[in-house]
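Peer 1: Before I ask anything, let me first share the structure, which is written out below as structure tokens.
Nothing in this text is a laboratory measurement; each read-out follows from the coordinates by a stated rule. Just so it is clear, the structure is predicted and the values come from calculations on it, not from any experiment. Cβ: placed from backbone, ideal geometry, glycine included. Neighbour counts: every protein chain shown.
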Amino acid sequence: MPNGFLEFSVAVIARSAALTDQVRPLIGLVAAVLAAVLAGSASWHVTDRVVAWRQRADQDEL
């Protein structure tokens, strides 16, 4: 029984390692897309705040 458990554990670890190697490029792609979406969202938000600030500054001058 202990040998069977050990063999099973080694097989699970080996399959996990192989799956991780196959999935790693996909994880990188997902991370890159997520980073691009977050950067775009942050850029849009900052641009919106700058435009609003400049409009308030222009209104204060009038």
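Peer 1: Using the alpha-carbon atoms, what tilt in degrees (0 to 90, nearest 10) does helix 2-61 show relative to the longest principal axis of the chain?
Peer 2: 0 degrees
Peer 1: Given only helices, namely DSSP H runs of n ≥ 4 each adding -39500 (n - 2.57), what is the per-residue ellipticity at 222 nm of the chain, to the nearest 500 deg cm²/dmol?
Peer 2: Calculated from helices alone, the mean residue ellipticity at 222 nm is -36500 deg cm²/dmol.
Peer 1: Suppose every Lys and Arg Cβ carries +1 and every Asp and Glu Cβ carries -1, with no other charges. What dipole size does the chain come out with about its Cα centre, to the nearest 20 debye? Each step should come with its number before you reach the end.
Peer 2: Details: 5 positive and 6 negative charges, 37 e Å.
Here the chain has a charge dipole of around 180 debye.
Peer 1: Another one. In the chain, with Lys and Arg counted as +1 and Asp and Glu as -1 at Cβ, which of these residues, Leu19, Ser9, Ala39, has the Cα nearest the positive end of the dipole, that is, farthest along it?
Peer 2: Going by the Cα projections, it comes out as Ser9.
Peer 1: Take the alpha-carbon positions of the chain, form their convex hull, and give its projected area averaged over all directions (one quarter of the hull surface) in nm².
Peer 2: Hull-based average projected area comes out at 6.2 nm².
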